[in-house]
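Notes to accompany the following structure.
Where a number appears in this text, it was derived from the coordinates with a stated rule and is not lab data. What you are looking at is a predicted structure, and each value in this text was computed from that prediction instead of being measured. We place every Cβ from the backbone using ideal geometry, glycine too, and count neighbours over all the protein chains shown.
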Amino acid sequence: MANGERPSAPSEQRQQNQGWEAYGCSWPGKTELREYIGLMFSAMTQGLSRRIPSACAVCHAWPAQPICEDCIQVFAQPVHRCISCALALPATLTQCRSCASLHPEWDRALAAVDYAFPWDRLIAEFKFHENPAWARHFAVLIRSSPWVEPALEDADFIVPMPLATERLLQRGFNQSTLLARHLNPAKVLEGALLRVVNTPAQSTLARKDRQSNLRRAFAMEPARPGIVAGKRLVLLDDVMTSGASMAAASAVLKRAGASHITALVFARTGVDTVLA
Ligand SMILES: [Zn+2]
Ligand SMILES: [Zn+2]
């Protein structure tokens, strides 16, 4: 990888590598987990390496895959996260401050990476510059993250976070649906959870305005009200910021009878603000 863009802080990387060790879960054991992560990383890099060579979008190495293996090793290492909202945490904690006092609507949260360089730039390219090809690469990274494979395996459905019709027409695709199709097309449940109000983009609002903005924003498709009753769901989005959107969607799914919801995102912002 070229020229100084990548942080060369081995101590930080060691810290990240060790982060999952205190993930707060007894299953599987540390040895199995180490092997599991190794296998996932191997599968991930092999999955990316099947691509036609080009330049790495991060370090511009040539020839390379869209994200080269060096950049994946540096920027996509698994980190220790809050079990309830996927916020990156010190290894001594299992839950962040917000989740300890107010449990989210969902049962578990998982994230592949932090919403930071280079993922913030690549997500913008994916979403706002109409480059849906990134869905495939992001899905590989999501699958390689700890606990994601079991969550996908256990799920009856993957529910992509819906977009309002107006935004869908502007963008031409729903980024969460594309990610879901790359994760497991057979389990994608489309059109059952609806976004019924075209609310302003969450990113444009102050935290205190987000929940009121989202009240009544989601509903079950009237013709399929019971489709998630008793089902285990993975609710999927590209980015979690405050978590308010996914909380509002989860509340609707739980009211419709969902038995378990894993909130899964590609990138998690690093601010301790979930559901606040
Ligand atoms: Zn690279
Ligand atoms: Zn949390």
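Couple of notes before you dig in:
- From phi via Karplus (6.51, -1.76, 1.60), per-residue ³J(HN,Hα) for the range 65-82 in Hz, x at Gly/Pro: 7, x, 10, 6, 5, 4, 5, 4, 4, 7, 9, 10, 5, x, 10, 6, 9, 4
- Theoretical gain in end-to-end length, Glu190 to Gln170 [0.36 nm per residue, Cα-Cα removed]: 5.3 nm
- Nonlocal amide H pairs with Leu235, under 5 Å, H built at 1.01 Å: Val159, Thr262, Ala263, Leu264
- Extended-chain gain in nm, criterion 0.36 nm per residue less alpha-carbon gap, Arg224 and Gln73: 50.1 nm
- Other residues within the sphere of radius under 14 Å centred on the Cβ of His103, judged by their own Cβ, net out at +1 (K and R +1, D and E -1).
- In order along the range 154-171, phi translates into HN-Hα couplings of 6, 6, 7, 9, 9, 9, x, 4, x, 9, 5, 3, 4, 5, 4, 5, 5, 7 Hz, rounded to whole numbers, per the Karplus curve 6.51 cos²θ - 1.76 cosθ + 1.60 with θ = phi - 60° and x for Gly and Pro.
- In this structure the amide hydrogen of Arg81, modeled in the peptide plane, comes within under 5 Å of the amide hydrogens of Leu89, none closer than 5 places in sequence on its chain.
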